[in-house]
Amino acid sequence: MSTAKNKKLNMTAKLLLVTLVPLIVLAVIVTLVTSCVLTGTITDQVREDMSSQAALVMGMYDNIYPGDYSVETHADSYYKVMKGSYDITGTEGMLDDIKRSYGDEITIFRGKTAILTTLYDSNGTRLDLTNTSAVVERDVYESGESRFYSDVELNGESYFAFFTPIINSDREIFGMIGVYRLSSDINHRIWSALYPVLLTFLFAFALIAVINLKYSARIVDRIKGIQKFLTKIAGGHFDEDIPEKYVKGHDELSELAKSGSVMRHELSLLVEYDALTELYNRRYATMRLHKMSTDGEYDFCMCIGDIDFFKKVNDTYGHDAGDEVLKAVAKTLKEGMVQKGFVARWGGEEFLIVFLRTDVKMASAQLLAILENIRALNVKSGVNIIKVTMSFGITEADGTGDYDSLIREADERLYYSKTHGRNQITSTYVTEINNAMDAMDRR
């Protein structure tokens, strides 16, 4: 009896071993691959965000204070930071506003010395006149190009950091703009996405240990299907959902499959969608255009639109009001593009609109209807009602597959709309209509 019982236990242990070991290996591989892909994706997104913030800081100072940067040194170590003829020494408030909007620390350097910063020490004193590392200084100043680091030590903490050079009109590098984000914040985002998957795997292992032998083959088949799906997610393929047969029922593997489907959706939102407007983001739009080019899909029109006087909205009503305007415009664009193509937030208050299977004449007419709906918007923010207009530039694919040149052409036409009155569309078709109308008026 005892020998038979021991043999039975040994067989059970072997079955569990054969069942669980591959699953453990699978879980480790999928977790590592998913972690690597997710880390790379989030790091790329963080770099884009920080690059945009650096460009925003550069643009704000250039727009408000024309001229080159310089430093005037006075007695007793007193100095002035000049932008053209303007003293910008005490303008940290602008940087603080951007920090409140995006959450990242910002510093403007002269050489490797901080002259304007949002960083404070433990005593609540701004970290002016502190130095960045010699490595960062050398990399940025010698190359004259932006640099991104994932392991910058600052004030006793680890940061992701992006540095871009400040180049005066004489092509001399005055200094650089640094944007910092705590490494712990990014690691928390990564683990928040991975944690449900890890828990689900562990839960599934405990249950599989008590499953009857005759069901093991079916279970292994289901696990392989889930593994294949998760591997696709780890490879960045978010367009396929898990097959329906794996999510049917109410057992643990079905829950694992559902968790994987939820993870796919959440990762898709994180990687492909803009959180504020719920539109596609620039990364997704770029990938979509690349795929269209690769597939030889040239029957489309591309448009870039920009909200008129958006900075004035933020300055007058606040950034919360600006967010409401962005969301209202995004909703109108999305509704206007149903069954026509897709729209993405290109950056800041800019939007990329792609009309599929149409020519510039039809796309311009559809865009005019969308513009009328935007003009009719009344965006409510507190007691304020904000009117919105937009400027657009639209162009038609030329069959070469070079979508970069299309973006440049659409952007040039947007610039024309901006510099010729705003609240309008610039395209070859619209230009022809306007020229015809002008000719009739002259008669």
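So the values come out like this:
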quantity	calculated
Residue in region 329-338 that is most open to solvent (accessible area, probe 1.4 Å), counting only those that are farther than 18 Å from ARG422 by Cβ, in a helix (DSSP H, G or I) and of a type outside the set (Lys, Arg)	GLU335
Given (1) on the phi > 0 side of the Ramachandran plot; (2) touching a strand residue (DSSP E or B) at 6+ places or on another chain (Cβ under 6 Å), number of the condition PHE351 does not satisfy	(1)
Filter pass, GLY341 being more than 15 Å from ILE425 (Cβ to Cβ), open to solvent by 10 Å² or more (accessible area, probe 1.4 Å) and touching a residue at least 60 places away in the same chain (Cβ under 8 Å)	no
Criterion: more than 23 Å from GLU145 (Cα to Cα) and surrounded by 15 or more Cβ atoms within 10 Å (Cβ to Cβ) - qualifying residue of THR73, THR117, THR89, THR107	THR89
Some residue of region 296-314 being hydroxyl-bearing (Ser, Thr, Tyr) and not in a loop (DSSP other than H, G, I, E, B)	no
Selection status of SER146, out of contact with any Gly (no Cβ under 7 Å at 6 or more places or on another chain) and free of Cβ contacts under 8 Å to residues at least 40 places away in the same chain	no
Residues of region 127-136 satisfying the condition of being open to solvent by less than 60 Å² (accessible area, probe 1.4 Å) and either touching a residue at least 24 places away in the same chain (Cβ under 8 Å) or within 29 Å of the chain's Cα centre (by Cα) (or both)	LEU127, THR132, SER133, VAL136
Restricting region 255-291 to residues that are modelled with pLDDT of 85 or more and among the small types (Gly, Ala, Ser), the residue that is most open to solvent (accessible area, probe 1.4 Å)	ALA275
Single match in TYR78, TYR141 (criterion: modelled with pLDDT of 85 or more and of a type in the set (Phe, Trp, Tyr))	TYR141
VAL360 aliphatic (A, V, I, L, M) and buried (at least 20 other Cβ atoms within 10 Å of the Cβ)	yes
Residue, nearest to the chain's Cα centre (by Cα), within region 292-319, restricted to residues that are open to solvent by 60 Å² or more (accessible area, probe 1.4 Å) and under 20 Å from PHE351 (Cβ atoms)	HIS319
Residue match in region 268-284 (condition: out of contact with any Cys (no Cβ under 8 Å at 6 or more places or on another chain), farther than 27 Å from ILE42 by Cα and not in a helix (DSSP H, G or I))	no
Boolean, LYS380 is in a strand (DSSP E or B) and open to solvent by 40 Å² or more (accessible area, probe 1.4 Å)	yes
Looking only at region 393-411, and only at residues there that are open to solvent by less than 20 Å² (accessible area, probe 1.4 Å) and under 22 Å from the mean Cα position of the chain (by Cα), the one that is modelled with the lowest pLDDT	LEU406
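The values are calculated or read from the model by the stated rules, or taken from the named source; none is laboratory data. Keep in mind that what you see is a predicted model, and the values were worked out from it rather than measured. Glycine also receives a Cβ, built like all others from the backbone with ideal geometry; neighbour counts cover every protein chain displayed. Surface accessibility is based on the protein's heavy atoms, side chains included, excluding ligands, DNA and RNA. Shrake-Rupley method; radii C 1.70, N 1.55, O 1.52, S 1.80 Å.
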